[in-house]
């Protein structure tokens, strides 16, 4: 089996990488094992599979450590999810929530590939002065100026810092800074890759999405997503993976709530 890293090209050979992915045992089997035995009951075969995924797909997949921690946090969030009326669909386990789709390099491309009831997660890097941030939200909307003003206020930065704001700066490429291909950037970083972040920002969630019971597709690779409720999961993952990074949540009206490692992530 050939590794993507062996391709003599600066860009990812998506066709080869997709062939590599489908040569590997599917993640459904890993998630089913964890569903039955618990994520702490990881056998050598699963450890080997996750390591092979990381080796063969490189930055086109989340790391094995991130996938396992994401599973643990997601399983816990689903157990805590209030369900006024039992629904087999809403209660389905994680191995039944995996989605497969064509590769994409933007939120708009991914959204077009997803089922109609599932929203894409969009994450961008932002530099405010000397601060490096990750801003993550749902859907294909753009970062608004009031978002940036509120972020600057939360970080106690003068508003003139907004004049030195850059989105997806070439000085902080996704490959070099987060070890992720374009189209893969998300808050589900390997803990070793979060040290340079000043904050993780959760952009507003629209109330109508709650009424519509919309789920969000979290990228596991360029070809795989996991459909889940989003916000409680990100809080818990961030607190466990990189507790030293500040977590800022913006409400739809504009005021800011800040969450630190001591806050309740449920």
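Mind checking whether some residue in the stretch 58-81 is surrounded by 12 or more Cβ atoms within 10 Å (Cβ to Cβ), touching a strand residue (DSSP E or B) at 6+ places or on another chain (Cβ under 8 Å), more than 22 Å from residue 235 (Cα to Cα) and touching a residue at least 12 places away in the same chain (Cβ under 8 Å)? Yes, that holds for at least one residue. Considering each residue of the stretch 37-46 in turn, at least one proves to be within 25 Å of residue 178 (Cβ to Cβ), surrounded by 14 or more Cβ atoms within 10 Å (Cβ to Cβ) and modelled with pLDDT of 90 or more. Of all the criteria given as (1) under 26 Å from residue 181 (Cα atoms); (2) modelled with pLDDT of 85 or more, the one not satisfied by residue 77 is (1). Put simply, of 104, 91 the only residue that is in a loop (DSSP other than H, G, I, E, B) and surrounded by fewer than 13 Cβ atoms within 10 Å (Cβ to Cβ) is 91. Being surrounded by 15 or more Cβ atoms within 10 Å (Cβ to Cβ), without any contact (Cβ under 8 Å) to a residue 24 or more places away in the chain, touching a strand residue (DSSP E or B) at 6+ places or on another chain (Cβ under 7 Å) and not assigned by TED's automatic domain parsing to the domain that holds residue 50 holds for only one residue in 148, 113, and it is 148.
Looking for something modelled with pLDDT of 90 or more, crowded, with 20+ Cβ neighbours inside 10 Å, part of a strand (DSSP E or B) and not assigned by TED's automatic domain parsing to the domain that holds residue 68 - is there at least one such residue anywhere in the stretch 159-172? Within the stretch 159-172 (the criterion being modelled with pLDDT of 90 or more, crowded, with 20+ Cβ neighbours inside 10 Å, part of a strand (DSSP E or B) and not assigned by TED's automatic domain parsing to the domain that holds residue 68), the answer is no, since none of the residues qualifies. Screening 140, 173 for residues that are under 30 Å from residue 54 (Cβ atoms) and in contact with a helix residue (DSSP H, G or I) (Cβ under 6 Å, 6 or more places away or on another chain) leaves exactly one candidate, 140. Among the residues here, residue 127 qualifies as part of a strand (DSSP E or B) and either under 20 Å from residue 18 (Cα atoms) or touching a helix residue (DSSP H, G or I) at 6+ places or on another chain (Cβ under 9 Å) (or both).
The values are calculated or read from the model by the stated rules, or taken from the named source; none is laboratory data. Since this is a predicted model, take the numbers as computed values, not measurements. Quick reminder, even Gly has a Cβ in these numbers, built from the backbone with ideal geometry, and neighbours come from all protein chains shown.
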